[in-house]
Amino acid sequence: MVKVDYSGAAAFFSGSGPDYALAKQAHTILAGRTGAGADFLGWPELPKKIRDTELDRIIEAAEKIRSRSKILVVIGIGGSYLGARGAIEFLRPAPAAADTKVLFAGNGLNPDYLNDIISQIGEQDFDVNVISKSGTTLEPAVSFRIFRDLLKEKYGTRADEHIFATTDARRGVLKSLADANGWESFVVPDDVGGRYSVLSAVGLLPMAVAGIDVRRIINCAIAEFEALSVMSEENPAWQYAAARQNLYSGGRKIELLACFDPRFRWMAEWWKQLYGESEGKDGIGIYPASVEFTADLHSMGQYIQEGERILMETLVRFDECLSPFQVPADESNADGLNYLAGRDLGEIGHVVENAVMEAHISGGVPCMTITAGRRDEEGFASLVCFFEMACGISGYMSGVNPFNQPGVEAYKKNMFRMLGKPGAI
Ligand code: PA5
(Lines give C-alpha, C1' and ligand atoms only; values in the text may rest on other atoms or scores of the structure.)
Protein backbone atom coordinates (compact mmCIF):
# COMPACT_ATOMS: atom_id res chain seq x y z
CA MET A 1 0.00 0.00 0.00
CA VAL A 2 1.21 3.55 -0.64
CA LYS A 3 2.12 5.83 2.24
CA VAL A 4 0.75 9.36 2.53
CA ASP A 5 2.67 12.04 4.37
CA TYR A 6 0.94 15.39 4.70
CA SER A 7 3.24 16.90 7.30
CA GLY A 8 4.33 19.41 4.64
CA ALA A 9 0.73 20.61 4.38
CA ALA A 10 -0.08 20.71 8.09
CA ALA A 11 0.80 24.39 8.53
CA PHE A 12 -1.73 25.27 5.82
CA PHE A 13 -4.72 23.34 7.11
CA SER A 14 -7.77 25.34 8.09
CA GLY A 15 -10.15 24.63 10.97
CA SER A 16 -9.22 21.55 12.90
CA GLY A 17 -7.45 19.92 9.94
CA PRO A 18 -8.47 16.95 7.76
CA ASP A 19 -12.05 15.97 8.50
CA TYR A 20 -11.90 12.24 9.15
CA ALA A 21 -15.51 12.05 10.27
CA LEU A 22 -16.51 13.27 6.80
CA ALA A 23 -14.03 10.89 5.15
CA LYS A 24 -15.58 8.02 7.09
CA GLN A 25 -19.06 9.10 6.03
CA ALA A 26 -17.99 9.31 2.38
CA HIS A 27 -16.28 5.92 2.54
CA THR A 28 -19.36 4.38 4.16
CA ILE A 29 -21.57 5.74 1.36
CA LEU A 30 -19.13 4.38 -1.20
CA ALA A 31 -18.77 0.94 0.39
CA GLY A 32 -22.51 0.65 1.00
CA ARG A 33 -23.35 1.88 -2.52
CA THR A 34 -25.89 4.31 -1.12
CA GLY A 35 -24.69 7.55 -2.77
CA ALA A 36 -25.11 9.22 -6.15
CA GLY A 37 -23.64 7.20 -9.00
CA ALA A 38 -23.82 3.94 -7.02
CA ASP A 39 -24.45 2.05 -10.26
CA PHE A 40 -20.83 2.75 -11.19
CA LEU A 41 -19.21 1.27 -8.13
CA GLY A 42 -18.01 -1.97 -9.70
CA TRP A 43 -14.35 -0.95 -9.80
CA PRO A 44 -13.22 -2.05 -6.32
CA GLU A 45 -14.42 -5.58 -7.17
CA LEU A 46 -13.07 -5.46 -10.71
CA PRO A 47 -9.68 -7.14 -10.10
CA LYS A 48 -11.33 -10.17 -8.46
CA LYS A 49 -13.99 -10.32 -11.16
CA ILE A 50 -11.52 -10.08 -14.02
CA ARG A 51 -9.28 -12.75 -12.47
CA ASP A 52 -12.25 -15.11 -12.41
CA THR A 53 -13.60 -14.25 -15.87
CA GLU A 54 -11.58 -12.67 -18.68
CA LEU A 55 -7.98 -12.58 -17.45
CA ASP A 56 -6.85 -15.87 -19.02
CA ARG A 57 -8.45 -14.93 -22.34
CA ILE A 58 -6.84 -11.47 -22.25
CA ILE A 59 -3.42 -13.04 -21.73
CA GLU A 60 -4.02 -15.58 -24.52
CA ALA A 61 -5.12 -12.84 -26.93
CA ALA A 62 -2.04 -10.81 -26.01
CA GLU A 63 0.21 -13.79 -26.66
CA LYS A 64 -1.41 -14.33 -30.05
CA ILE A 65 -0.83 -10.67 -30.95
CA ARG A 66 2.75 -10.73 -29.64
CA SER A 67 3.56 -13.85 -31.62
CA ARG A 68 2.40 -12.53 -34.97
CA SER A 69 2.47 -8.71 -35.00
CA LYS A 70 5.12 -6.07 -34.50
CA ILE A 71 2.48 -3.44 -33.76
CA LEU A 72 -0.80 -3.21 -31.89
CA VAL A 73 -2.85 -0.11 -32.66
CA VAL A 74 -5.00 0.71 -29.63
CA ILE A 75 -7.93 2.91 -30.59
CA GLY A 76 -9.72 4.78 -27.79
CA ILE A 77 -10.03 8.08 -25.97
CA GLY A 78 -10.41 9.30 -22.38
CA GLY A 79 -11.02 6.43 -20.01
CA SER A 80 -10.68 4.02 -22.92
CA TYR A 81 -7.11 5.20 -23.52
CA LEU A 82 -5.24 6.96 -20.72
CA GLY A 83 -4.89 4.04 -18.30
CA ALA A 84 -3.23 1.77 -20.84
CA ARG A 85 -0.96 4.54 -22.03
CA GLY A 86 -0.11 5.52 -18.46
CA ALA A 87 0.78 1.94 -17.58
CA ILE A 88 2.85 1.25 -20.69
CA GLU A 89 4.85 4.49 -20.57
CA PHE A 90 5.39 3.90 -16.84
CA LEU A 91 6.33 0.22 -16.89
CA ARG A 92 7.60 -0.42 -20.42
CA PRO A 93 8.93 2.92 -21.68
CA ALA A 94 11.58 1.26 -23.84
CA PRO A 95 10.03 -1.88 -25.39
CA ALA A 96 12.27 -4.96 -25.50
CA ALA A 97 13.08 -6.37 -28.94
CA ALA A 98 10.50 -9.15 -28.43
CA ASP A 99 7.77 -6.76 -27.39
CA THR A 100 5.03 -5.77 -29.76
CA LYS A 101 4.97 -1.99 -29.95
CA VAL A 102 1.71 -0.39 -28.85
CA LEU A 103 0.63 2.72 -30.75
CA PHE A 104 -2.35 4.82 -29.75
CA ALA A 105 -4.91 6.20 -32.19
CA GLY A 106 -8.43 7.58 -31.92
CA ASN A 107 -7.48 10.00 -29.15
CA GLY A 108 -7.96 13.00 -31.43
CA LEU A 109 -8.76 13.93 -35.00
CA ASN A 110 -5.47 15.28 -36.26
CA PRO A 111 -4.68 13.85 -39.72
CA ASP A 112 -0.91 14.30 -39.38
CA TYR A 113 -0.87 12.26 -36.17
CA LEU A 114 -2.85 9.53 -37.90
CA ASN A 115 -0.56 9.52 -40.92
CA ASP A 116 2.47 9.23 -38.62
CA ILE A 117 1.01 6.08 -37.10
CA ILE A 118 0.26 4.63 -40.51
CA SER A 119 3.85 5.33 -41.62
CA GLN A 120 5.21 3.75 -38.46
CA ILE A 121 3.28 0.58 -39.28
CA GLY A 122 4.61 0.57 -42.85
CA GLU A 123 4.69 -3.01 -44.14
CA GLN A 124 4.76 -4.60 -40.69
CA ASP A 125 2.13 -6.98 -39.41
CA PHE A 126 -0.32 -5.34 -37.04
CA ASP A 127 -3.43 -5.92 -34.97
CA VAL A 128 -6.08 -3.48 -33.78
CA ASN A 129 -7.70 -3.23 -30.34
CA VAL A 130 -10.65 -0.87 -30.58
CA ILE A 131 -11.90 0.24 -27.17
CA SER A 132 -15.14 2.14 -26.64
CA LYS A 133 -17.73 1.47 -23.99
CA SER A 134 -20.47 3.37 -25.81
CA GLY A 135 -19.21 2.46 -29.26
CA THR A 136 -20.34 5.84 -30.50
CA THR A 137 -17.48 8.18 -29.57
CA LEU A 138 -16.53 10.07 -32.71
CA GLU A 139 -12.74 10.12 -32.50
CA PRO A 140 -12.16 6.38 -32.02
CA ALA A 141 -15.02 5.50 -34.40
CA VAL A 142 -13.43 7.51 -37.25
CA SER A 143 -9.98 6.06 -36.58
CA PHE A 144 -11.38 2.55 -36.41
CA ARG A 145 -13.01 2.93 -39.80
CA ILE A 146 -9.63 3.95 -41.23
CA PHE A 147 -7.66 1.12 -39.59
CA ARG A 148 -10.29 -1.42 -40.52
CA ASP A 149 -9.84 -0.43 -44.15
CA LEU A 150 -6.06 -0.81 -43.77
CA LEU A 151 -6.53 -4.28 -42.28
CA LYS A 152 -8.82 -5.27 -45.16
CA GLU A 153 -6.25 -4.05 -47.69
CA LYS A 154 -3.49 -5.99 -46.00
CA TYR A 155 -5.20 -9.19 -44.85
CA GLY A 156 -8.27 -9.41 -47.10
CA THR A 157 -10.78 -11.95 -45.79
CA ARG A 158 -8.62 -12.59 -42.71
CA ALA A 159 -8.83 -8.94 -41.55
CA ASP A 160 -11.45 -9.76 -38.92
CA GLU A 161 -8.97 -12.05 -37.15
CA HIS A 162 -6.81 -9.00 -36.45
CA ILE A 163 -9.51 -7.01 -34.64
CA PHE A 164 -10.08 -7.16 -30.89
CA ALA A 165 -13.03 -5.14 -29.58
CA THR A 166 -13.37 -4.00 -25.97
CA THR A 167 -16.86 -2.66 -25.41
CA ASP A 168 -20.17 -2.99 -23.60
CA ALA A 169 -21.31 -6.56 -22.93
CA ARG A 170 -24.65 -6.12 -24.68
CA ARG A 171 -25.27 -2.70 -26.24
CA GLY A 172 -23.83 -0.32 -28.80
CA VAL A 173 -22.66 -0.16 -32.40
CA LEU A 174 -19.28 -1.66 -31.63
CA LYS A 175 -20.84 -4.63 -29.85
CA SER A 176 -23.15 -5.24 -32.84
CA LEU A 177 -20.25 -4.97 -35.28
CA ALA A 178 -18.14 -7.32 -33.18
CA ASP A 179 -20.91 -9.92 -33.06
CA ALA A 180 -21.67 -9.59 -36.77
CA ASN A 181 -18.02 -9.94 -37.81
CA GLY A 182 -16.84 -12.46 -35.25
CA TRP A 183 -14.22 -10.21 -33.63
CA GLU A 184 -12.79 -11.42 -30.38
CA SER A 185 -14.45 -9.21 -27.74
CA PHE A 186 -13.78 -8.14 -24.20
CA VAL A 187 -16.09 -6.36 -21.81
CA VAL A 188 -16.17 -2.89 -20.28
CA PRO A 189 -18.36 -3.75 -17.28
CA ASP A 190 -21.68 -1.92 -16.95
CA ASP A 191 -20.87 -0.80 -13.42
CA VAL A 192 -17.45 0.66 -14.20
CA GLY A 193 -17.04 4.10 -15.77
CA GLY A 194 -14.33 4.72 -18.36
CA ARG A 195 -11.91 6.49 -16.02
CA TYR A 196 -12.11 3.63 -13.50
CA SER A 197 -11.66 0.90 -16.11
CA VAL A 198 -7.88 0.52 -16.32
CA LEU A 199 -7.95 -2.80 -14.46
CA SER A 200 -10.44 -4.29 -16.96
CA ALA A 201 -9.61 -5.48 -20.49
CA VAL A 202 -9.55 -1.77 -21.41
CA GLY A 203 -6.13 -1.44 -19.81
CA LEU A 204 -5.04 -5.03 -19.42
CA LEU A 205 -5.01 -6.19 -23.05
CA PRO A 206 -2.74 -3.36 -24.31
CA MET A 207 -0.55 -3.77 -21.22
CA ALA A 208 -0.18 -7.52 -21.72
CA VAL A 209 0.70 -6.99 -25.38
CA ALA A 210 3.41 -4.55 -24.25
CA GLY A 211 4.92 -7.31 -22.11
CA ILE A 212 3.59 -6.20 -18.72
CA ASP A 213 2.75 -8.94 -16.22
CA VAL A 214 -0.97 -8.26 -15.86
CA ARG A 215 -1.58 -11.25 -13.61
CA ARG A 216 0.85 -9.73 -11.12
CA ILE A 217 -1.02 -6.42 -11.35
CA ILE A 218 -4.38 -8.05 -10.73
CA ASN A 219 -3.17 -10.16 -7.81
CA CYS A 220 -1.69 -7.08 -6.22
CA ALA A 221 -4.80 -4.96 -6.92
CA ILE A 222 -7.03 -7.52 -5.16
CA ALA A 223 -4.92 -7.18 -2.02
CA GLU A 224 -4.73 -3.39 -2.37
CA PHE A 225 -8.49 -2.85 -2.57
CA GLU A 226 -8.90 -5.16 0.40
CA ALA A 227 -6.44 -3.08 2.43
CA LEU A 228 -8.04 0.19 1.29
CA SER A 229 -11.47 -0.97 2.48
CA VAL A 230 -10.45 -0.48 6.12
CA MET A 231 -12.46 2.23 7.90
CA SER A 232 -9.63 3.97 9.67
CA GLU A 233 -7.67 7.18 9.86
CA GLU A 234 -4.70 5.00 8.94
CA ASN A 235 -6.25 4.40 5.51
CA PRO A 236 -4.06 6.39 3.07
CA ALA A 237 -7.10 7.05 0.87
CA TRP A 238 -8.80 8.83 3.79
CA GLN A 239 -5.63 10.77 4.57
CA TYR A 240 -5.16 12.04 1.03
CA ALA A 241 -8.87 12.75 0.42
CA ALA A 242 -9.33 14.55 3.74
CA ALA A 243 -6.12 16.57 3.43
CA ARG A 244 -6.80 17.80 -0.12
CA GLN A 245 -10.43 18.68 0.69
CA ASN A 246 -9.26 20.68 3.68
CA LEU A 247 -6.70 22.55 1.58
CA TYR A 248 -9.34 23.22 -1.09
CA SER A 249 -11.70 24.72 1.47
CA GLY A 250 -8.84 27.03 2.46
CA GLY A 251 -8.51 28.37 -1.09
CA ARG A 252 -6.06 25.90 -2.68
CA LYS A 253 -7.97 25.46 -5.91
CA ILE A 254 -5.28 23.71 -7.95
CA GLU A 255 -3.49 20.49 -7.15
CA LEU A 256 -0.17 19.87 -8.83
CA LEU A 257 0.75 16.23 -9.10
CA ALA A 258 4.53 16.11 -9.28
CA CYS A 259 6.95 13.29 -9.94
CA PHE A 260 10.69 13.15 -10.46
CA ASP A 261 10.39 10.24 -12.88
CA PRO A 262 9.57 11.34 -16.46
CA ARG A 263 8.04 7.92 -17.05
CA PHE A 264 5.20 8.98 -14.78
CA ARG A 265 4.00 11.58 -17.31
CA TRP A 266 1.10 9.55 -18.72
CA MET A 267 0.11 8.26 -15.31
CA ALA A 268 -0.32 11.90 -14.39
CA GLU A 269 -2.57 12.33 -17.46
CA TRP A 270 -4.62 9.34 -16.27
CA TRP A 271 -4.82 10.89 -12.77
CA LYS A 272 -5.93 14.23 -14.25
CA GLN A 273 -8.85 12.62 -16.01
CA LEU A 274 -9.76 10.56 -12.94
CA TYR A 275 -9.89 13.57 -10.63
CA GLY A 276 -10.99 16.24 -13.11
CA GLU A 277 -13.94 14.27 -14.46
CA SER A 278 -14.91 12.97 -11.02
CA GLU A 279 -14.76 16.21 -9.05
CA GLY A 280 -15.11 19.15 -11.44
CA LYS A 281 -18.87 19.72 -11.50
CA ASP A 282 -21.66 21.68 -9.83
CA GLY A 283 -19.41 24.76 -9.96
CA ILE A 284 -16.76 23.30 -7.64
CA GLY A 285 -13.74 21.03 -7.69
CA ILE A 286 -9.97 21.00 -7.31
CA TYR A 287 -8.36 21.59 -10.70
CA PRO A 288 -5.88 18.74 -11.31
CA ALA A 289 -2.63 19.71 -13.01
CA SER A 290 0.73 18.00 -13.26
CA VAL A 291 4.42 18.84 -13.37
CA GLU A 292 7.42 16.76 -14.26
CA PHE A 293 10.51 17.35 -12.15
CA THR A 294 13.24 18.28 -12.35
CA ALA A 295 12.47 19.58 -15.88
CA ASP A 296 9.53 21.75 -14.82
CA LEU A 297 11.51 23.28 -11.95
CA HIS A 298 13.21 25.20 -14.74
CA SER A 299 9.91 26.42 -16.17
CA MET A 300 6.95 26.15 -13.79
CA GLY A 301 9.21 26.28 -10.73
CA GLN A 302 9.07 30.07 -10.64
CA TYR A 303 5.27 30.14 -10.47
CA ILE A 304 5.12 27.38 -7.90
CA GLN A 305 7.61 29.20 -5.68
CA GLU A 306 6.29 32.74 -5.99
CA GLY A 307 3.06 32.92 -7.99
CA GLU A 308 -0.48 33.18 -6.69
CA ARG A 309 -0.94 31.04 -3.58
CA ILE A 310 -3.71 28.84 -4.96
CA LEU A 311 -1.66 25.69 -5.34
CA MET A 312 -1.27 22.53 -3.34
CA GLU A 313 1.33 20.03 -4.41
CA THR A 314 1.32 16.25 -4.23
CA LEU A 315 4.61 14.52 -4.90
CA VAL A 316 4.56 10.90 -6.03
CA ARG A 317 7.81 9.26 -5.01
CA PHE A 318 9.28 5.78 -5.00
CA ASP A 319 11.27 4.08 -2.24
CA GLU A 320 13.80 2.81 -4.72
CA CYS A 321 14.85 3.01 -8.36
CA LEU A 322 15.07 -0.14 -10.43
CA SER A 323 18.69 0.34 -11.43
CA PRO A 324 21.69 2.11 -9.89
CA PHE A 325 23.75 4.73 -11.71
CA GLN A 326 26.81 6.23 -10.12
CA VAL A 327 28.17 9.66 -10.98
CA PRO A 328 31.68 9.08 -12.37
CA ALA A 329 34.77 10.68 -10.85
CA ASP A 330 36.88 12.95 -13.03
CA GLU A 331 40.53 13.54 -12.31
CA SER A 332 40.56 17.17 -13.44
CA ASN A 333 37.20 17.99 -11.79
CA ALA A 334 36.99 20.84 -14.31
CA ASP A 335 33.21 20.84 -14.01
CA GLY A 336 33.39 20.88 -10.20
CA LEU A 337 31.16 17.82 -9.85
CA ASN A 338 33.48 15.57 -7.91
CA TYR A 339 31.52 16.22 -4.73
CA LEU A 340 28.91 13.95 -6.31
CA ALA A 341 31.35 11.33 -7.63
CA GLY A 342 30.52 7.79 -6.57
CA ARG A 343 27.04 8.75 -5.42
CA ASP A 344 24.02 7.06 -6.90
CA LEU A 345 21.66 9.18 -9.02
CA GLY A 346 18.67 7.66 -7.22
CA GLU A 347 20.07 8.77 -3.86
CA ILE A 348 20.85 12.23 -5.27
CA GLY A 349 17.29 12.37 -6.61
CA HIS A 350 15.86 11.74 -3.13
CA VAL A 351 17.94 14.60 -1.73
CA VAL A 352 16.68 16.88 -4.50
CA GLU A 353 13.06 15.84 -3.80
CA ASN A 354 13.52 16.91 -0.18
CA ALA A 355 15.17 20.17 -1.22
CA VAL A 356 12.31 20.99 -3.58
CA MET A 357 9.60 20.20 -1.02
CA GLU A 358 11.36 22.31 1.60
CA ALA A 359 11.58 25.24 -0.83
CA HIS A 360 7.96 24.98 -1.91
CA ILE A 361 6.64 24.69 1.65
CA SER A 362 8.67 27.73 2.68
CA GLY A 363 7.31 29.53 -0.39
CA GLY A 364 3.76 28.94 0.85
CA VAL A 365 2.76 25.78 -1.03
CA PRO A 366 1.29 22.94 1.02
CA CYS A 367 3.03 19.72 0.01
CA MET A 368 1.95 16.13 0.46
CA THR A 369 3.86 13.03 -0.57
CA ILE A 370 2.58 9.69 -1.75
CA THR A 371 5.23 6.99 -1.62
CA ALA A 372 5.01 3.75 -3.57
CA GLY A 373 7.58 0.96 -3.51
CA ARG A 374 9.08 0.68 -6.97
CA ARG A 375 8.22 1.45 -10.56
CA ASP A 376 7.00 -2.09 -11.16
CA GLU A 377 3.71 -3.98 -11.46
CA GLU A 378 3.08 -3.81 -7.69
CA GLY A 379 3.92 -0.10 -7.56
CA PHE A 380 1.55 0.54 -10.45
CA ALA A 381 -1.31 -1.45 -8.91
CA SER A 382 -0.88 0.22 -5.53
CA LEU A 383 -1.04 3.69 -7.09
CA VAL A 384 -4.06 2.91 -9.26
CA CYS A 385 -6.11 1.39 -6.41
CA PHE A 386 -5.13 4.15 -4.02
CA PHE A 387 -5.96 6.99 -6.41
CA GLU A 388 -9.30 5.43 -7.42
CA MET A 389 -10.41 4.84 -3.83
CA ALA A 390 -9.26 8.28 -2.67
CA CYS A 391 -11.02 9.88 -5.63
CA GLY A 392 -14.37 8.28 -4.82
CA ILE A 393 -14.06 9.27 -1.15
CA SER A 394 -12.87 12.79 -1.97
CA GLY A 395 -15.71 13.30 -4.46
CA TYR A 396 -18.35 12.21 -1.96
CA MET A 397 -16.72 14.41 0.69
CA SER A 398 -17.15 17.42 -1.59
CA GLY A 399 -20.81 16.55 -2.20
CA VAL A 400 -20.65 15.70 -5.92
CA ASN A 401 -21.43 12.51 -7.78
CA PRO A 402 -17.88 11.30 -8.56
CA PHE A 403 -19.08 8.76 -11.13
CA ASN A 404 -20.85 10.82 -13.77
CA GLN A 405 -19.53 13.29 -16.37
CA PRO A 406 -22.50 15.28 -17.70
CA GLY A 407 -20.28 18.18 -18.75
CA VAL A 408 -18.51 16.29 -21.52
CA GLU A 409 -21.69 16.19 -23.59
CA ALA A 410 -21.89 19.95 -24.29
CA TYR A 411 -19.17 20.08 -26.94
CA LYS A 412 -20.39 16.87 -28.55
CA LYS A 413 -23.84 18.35 -29.11
CA ASN A 414 -22.36 21.39 -30.88
CA MET A 415 -19.90 19.28 -32.82
CA PHE A 416 -22.54 16.92 -34.20
CA ARG A 417 -24.79 19.86 -35.16
CA MET A 418 -21.94 21.73 -36.86
CA LEU A 419 -20.72 18.60 -38.67
CA GLY A 420 -24.22 17.93 -39.97
CA LYS A 421 -24.87 14.60 -38.28
CA PRO A 422 -28.37 13.46 -39.25
CA GLY A 423 -30.82 14.22 -36.42
CA ALA A 424 -28.40 16.47 -34.50
CA ILE A 425 -29.84 19.71 -33.12
O1 PA5 B 1 -14.42 8.36 -18.35
C2 PA5 B 1 -15.22 8.39 -19.27
O3 PA5 B 1 -16.35 7.92 -19.16
C4 PA5 B 1 -14.85 8.99 -20.60
O5 PA5 B 1 -13.56 9.49 -20.59
C6 PA5 B 1 -14.93 7.94 -21.68
O7 PA5 B 1 -14.09 6.88 -21.33
C8 PA5 B 1 -14.53 8.50 -23.04
O9 PA5 B 1 -15.36 9.57 -23.36
C10 PA5 B 1 -14.63 7.43 -24.10
O11 PA5 B 1 -15.89 6.87 -24.11
P12 PA5 B 1 -16.17 5.50 -24.83
O13 PA5 B 1 -15.38 4.45 -24.14
O14 PA5 B 1 -17.64 5.29 -24.71
O15 PA5 B 1 -15.74 5.67 -26.27
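The values are calculated or read from the model by the stated rules, or taken from the named source; none is laboratory data. The model shown is predicted, which means the values in this text are computed figures rather than measured ones. Don't worry about glycine lacking a Cβ; one is built from the backbone with ideal geometry, like all the others, and counts go over all protein chains shown. Ligands, DNA and RNA are stripped out before the accessible areas are found, and what is left, the full protein with its side chains, is counted by its heavy atoms. Shrake-Rupley method; radii C 1.70, N 1.55, O 1.52, S 1.80 Å.
Per the listing Glu320, Glu347, Glu353, Glu277, the residue uniquely touching a helix residue (DSSP H, G or I) at 6+ places or on another chain (Cβ under 8 Å) and either polar (S, T, N, Q) or part of a helix (DSSP H, G or I) (or both) is Glu277.
Conditions tested, residue by residue: (1) of a type in the set (Phe, Trp, Tyr); (2) over 26 Å from Leu256 (Cβ atoms); (3) open to solvent by 60 Å² or more (accessible area, probe 1.4 Å); (4) in the same structural domain as Leu228 (by TED's automatic domain parsing).
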position	(1), (2), (3), (4)
Gly346	no, no, no, yes
Asn354	no, no, yes, yes
His360	no, no, no, yes
Gly363	no, no, no, yes
Gly379	no, no, no, yes
Val408	no, no, no, no
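Considered as a group, the residues in the range 187-203 that are away from the ligand (no atom under 11 Å from the Cβ) and open to solvent by 10 Å² or more (accessible area, probe 1.4 Å) include one that is nearest to Ala390 (Cα to Cα), and that residue is Asp191.
On the stretch given as the range 1-24, residues that are part of a helix (DSSP H, G or I), touching a residue at least 12 places away in the same chain (Cβ under 8 Å) and farther than 23 Å from Leu257 by Cα total 2. For the range 119-133, the set of residues classified as within 16 Å of the ligand (Cβ to nearest atom) and over 20 Å from the mean Cα position of the chain (by Cα) consists of Val128 only. Residues in the range 319-345 that are within 23 Å of Met267 (Cβ to Cβ) and either among the polar types (S, T, N, Q) or at pLDDT 95 or above (or both): Ser323, Phe325, Leu345.
Summed over the range 155-165, the residues that are surrounded by fewer than 15 Cβ atoms within 10 Å (Cβ to Cβ) and among the charged types (D, E, K, R) give a count of 1.
Assessment of the range 12-26 against the conditions (closer than 30 Å to Lys133 by Cα, modelled with pLDDT of 95 or more, in the same structural domain as Thr314 (by TED's automatic domain parsing) and open to solvent by less than 50 Å² (accessible area, probe 1.4 Å)) yields at least one matching residue. Within the option set Ala141, Ala169, being crowded, with 16+ Cβ neighbours inside 10 Å and either in the same structural domain as Ser67 (by TED's automatic domain parsing) or away from the ligand (no atom under 16 Å from the Cβ) (or both) holds for one residue only, Ala141.
Residues in the range 391-406 that are closer than 21 Å to Ser134 by Cα and surrounded by 11 or more Cβ atoms within 10 Å (Cβ to Cβ): Asn401, Pro402, Phe403, Asn404, Gln405. Residue count for the range 57-69 under the criterion of being in contact with a Ser or Thr (Cβ under 6 Å, 6 or more places away or on another chain) and either under 14 Å from Thr167 (Cβ atoms) or open to solvent by 20 Å² or more (accessible area, probe 1.4 Å) (or both): the result is 1. Taking residues in the range 74-85 that are without any contact (Cβ under 8 Å) to a residue 60 or more places away in the chain, and partners anywhere that are open to solvent by less than 10 Å² (accessible area, probe 1.4 Å) and near the ligand (Cβ under 10 Å from one of its atoms), not one pair has Cβ atoms closer than 7 Å while being at least 6 places apart or on different chains.
Just one of the numbered conditions (1) more than 20 Å from Phe387 (Cβ to Cβ); (2) within 16 Å of the ligand (Cβ to nearest atom) is not true of Arg51: (2).
Would you be able to tell me the number of residues in the range 333-344 that are among the hydrophobic types (A, V, I, L, M, F, W, C), part of a loop (DSSP other than H, G, I, E, B) and under 23 Å from Phe260 (Cα atoms)?
Number of matching residues: 2.
Going through the range 71-86 one residue at a time, which ones are open to solvent by 10 Å² or more (accessible area, probe 1.4 Å), on the phi < 0 side of the Ramachandran plot and within 12 Å of the ligand (Cβ to nearest atom)? Matches in the range 71-86: Ile77, Gly79, Ser80, Tyr81, Leu82. A residue that is among the basic types (Lys, Arg) and in contact with a Leu (Cβ under 6 Å, 6 or more places away or on another chain) occurs somewhere in the range 179-197.
Taking the condition of being without any contact (Cβ under 8 Å) to a residue 24 or more places away in the chain and of a type in the set (Ser, Thr, Tyr), how many residues in the range 311-325 meet it? First the steps, then the outcome.
Residues of the range 311-325 that are without any contact (Cβ under 8 Å) to a residue 24 or more places away in the chain, as a first pass: 323-325.
Next, from what is left, pick out any that are of a type in the set (Ser, Thr, Tyr): 323.
The total comes to 1.
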